[in-house]
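Worksheet for the structure shown next.
The values are calculated or read from the model by the stated rules, or taken from the named source; none is laboratory data. Just so it is clear, the model here is predicted, and its values are computed rather than measured. Cβ coordinates were reconstructed from backbone atoms using ideal geometry, including for glycine residues, and neighbour counts include every protein chain displayed. Remember, those area values only see protein heavy atoms, side chains included, never the ligands or the DNA or RNA. Shrake-Rupley method; radii C 1.70, N 1.55, O 1.52, S 1.80 Å.
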Amino acid sequence: MATVGLKCPECGSLDIVDDEHYSQPQLVCADCGAVVSEGLLTTTRSEETQGTDVRYSNSTEVDKRPCRNLINGIHRVRALCRILRLTFLMEETAETHFKHAYEHPNFIRVSLQKKEVLAGCCVLATCRQHSWPIAMGTICCLLEANPKLIGVVYQEMVKTLKIEAPPTSVIDLLETHCQAYKLSPQHVHEELSESSKDLTKRAAVLLELAADAWLVTGRQPIPILTASIFLAWQSLKPTQTRLKYTLARFCQMAKVTKSSIAPKRVTELKEVLCKLGQELPWLRGDEVTPQTVIQMVDDILNHRLTLLRRALSSHEEALASESVLPPSLEDSLPGSHTNTPCLEGAASSQTPGQTPQEPFVGEPDTGSVQQRDVNLTYTVVMEGLPHIGPGTDSQHGQPSAPNSGKRSLFEPPSVRYAKIRRVQVPVVEVTGDEEISDSEIDSYIRTPQEIRDYVEAKDALASSDEF
């Protein structure tokens, strides 16, 4: 093959060809046979045609090809993005996050399982950055991975890449989650069917009530979403047929996976509804049970703010009536004539023995509704926090006054279910120089009975050897 641009130094011919009969290709003049250029180890293919010398590092430089696990991870990221119907920009962002995280030293020497989970974590972080309502439980189902493992890898990935990914609100996840329930007339019986729009609207109000009662804070979103949708479905048409359905049967009918924690959220949400249902004035003191509260959900949600105020006020009055001392002891206590400040949002101007003077209406008729909501939220928050004051232990925040264990009507999970602290067992260092106690010495000395048994056994062995 003729080479363009080269000239034979001997005869000046331009007919230069490649001679590949040897181990190293050579450029030879076809007219006179002179060797114009020999094959050099320090030349690249592009520069061999020019016959110029280059450095060895440039001649052996090869583009680094991505490894097989990186290629599989990118394909997994793209597949997840297409399943979740993400935009092209979000797909590119997820791929960029995955490449940066995969090449980071924190994720180089990890197990293959964590590298597979890393793809789902990058997609989840991208969705949260773009306010796309996707829960971590959805990623777990798509990858069929352990939720705890995904949580650990996600936290490490966000910390390593310094990504700001705000968590998605549970209300934003509700509409997407409701669409997964097959409750249309095409899938279930007409009596059991419910429109997705009505179901979402009722479940959203139940979620707001659950948030006011500290049932959402620090919890996984999927179980509380399932519980809210289940109770919303029962309360929209509280017929005997729907009331007989359990959560497991409902999830089976709606063709969704039942969470193992969802029954606990159903029980907790029913307890909150029962506490508010007791304040309905037309019940006249009748007991509200978890079996009958479903029929009152409509009234409870319509007057939710008023019932919350009444429940908190009644709870404070019950605590005050239990802690009232006899008149002979009240005069002897120091500071008995000082006024005790009341919580905002409750009936602060009334004595423990009086009944609330506020008329029961659907919405407050005086004052600003927004200010009432702020006061109510402040009351619920202050009710849920540990009370630290003169009657409590300031170091541990534990109340020492009577009825302190029942002080809060609605408590956060961290207060209601406190974690058991691990007790560190002190490690005893054995050096061999410790003194031996008398009891240990006595355990090494044979008792008279042991001595007799030893002598008898020795004689028996001696007699058996003789025979």
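At-a-glance table
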{"read-out": "Failed criterion for SER193 (all others in (1) out of contact with any His (no Cβ under 9 Å at 6 or more places or on another chain); (2) farther than 24 Å from ARG304 by Cβ hold)", "value": "(1)"}
{"read-out": "Positions within region 129-185 being within 26 Å of MET253 (Cβ to Cβ), part of a loop (DSSP other than H, G, I, E, B), of a type in the set (A, V, I, L, M) and outside the structural domain of ALA254 (by the TED database), in sequence order", "value": "ILE134, ALA135"}
{"read-out": "ARG202 touching a Ser or Thr at 6+ places or on another chain (Cβ under 9 Å) and among the basic types (Lys, Arg)", "value": "yes"}
{"read-out": "Members of region 182-240 found to be under 22 Å from the mean Cα position of the chain (by Cα) and open to solvent by 20 Å² or more (accessible area, probe 1.4 Å), listed by number", "value": "ALA204, GLU208, ALA211, ASP212, TRP214, VAL216, THR217, GLY218, ARG219, GLN220, PRO221, ILE222"}
{"read-out": "Of residues in region 100-123 being among the β-branched types (Val, Ile, Thr) and open to solvent by 10 Å² or more (accessible area, probe 1.4 Å), the one modelled with the lowest pLDDT", "value": "ILE108"}
{"read-out": "Residues satisfying the stated conditions in region 438-465, i.e. exposed (fewer than 10 other Cβ atoms within 10 Å of the Cβ), among the hydroxyl-bearing types (Ser, Thr, Tyr) and in a helix (DSSP H, G or I)", "value": "SER439, SER443, TYR444, SER463, SER464"}
{"read-out": "Members of region 187-202 found to be more than 20 Å from LEU269 (Cβ to Cβ) and outside any helix (DSSP H, G or I), listed by number", "value": "HIS187, VAL188, HIS189, GLU190, GLU191, LEU192, SER193, SER195"}
{"read-out": "Tally of residues being free of Cβ contacts under 8 Å to residues at least 24 places away in the same chain, part of a helix (DSSP H, G or I) and basic (Lys, Arg) across region 76-102", "value": "2"}
{"read-out": "Qualifying residues in region 79-99 (those that are surrounded by 18 or more Cβ atoms within 10 Å (Cβ to Cβ) and of a type outside the set (A, V, I, L, M, F, W, C)) - the one farthest from GLN155 (Cα to Cα)", "value": "GLU91"}
{"read-out": "Some residue of region 407-415 being in contact (Cβ under 8 Å) with a residue 40 or more places away in the chain and open to solvent by 80 Å² or more (accessible area, probe 1.4 Å)", "value": "yes"}
{"read-out": "Only one of SER323, SER314 that is modelled with pLDDT under 80, small (Gly, Ala, Ser) and open to solvent by 30 Å² or more (accessible area, probe 1.4 Å)", "value": "SER323"}
{"read-out": "Matching residues in region 264-275 - criterion: being within 18 Å of the chain's Cα centre (by Cα) and open to solvent by 50 Å² or more (accessible area, probe 1.4 Å)", "value": "LYS264"}
{"read-out": "Members of region 124-136 that are open to solvent by less than 30 Å² (accessible area, probe 1.4 Å) and at pLDDT below 90", "value": "ILE134, ALA135"}
{"read-out": "Top-ranked residue in region 290-311 [being more than 18 Å from LEU215 (Cβ to Cβ) and in contact with a helix residue (DSSP H, G or I) (Cβ under 7 Å, 6 or more places away or on another chain); ranked as least open to solvent (accessible area, probe 1.4 Å)]", "value": "ARG309"}
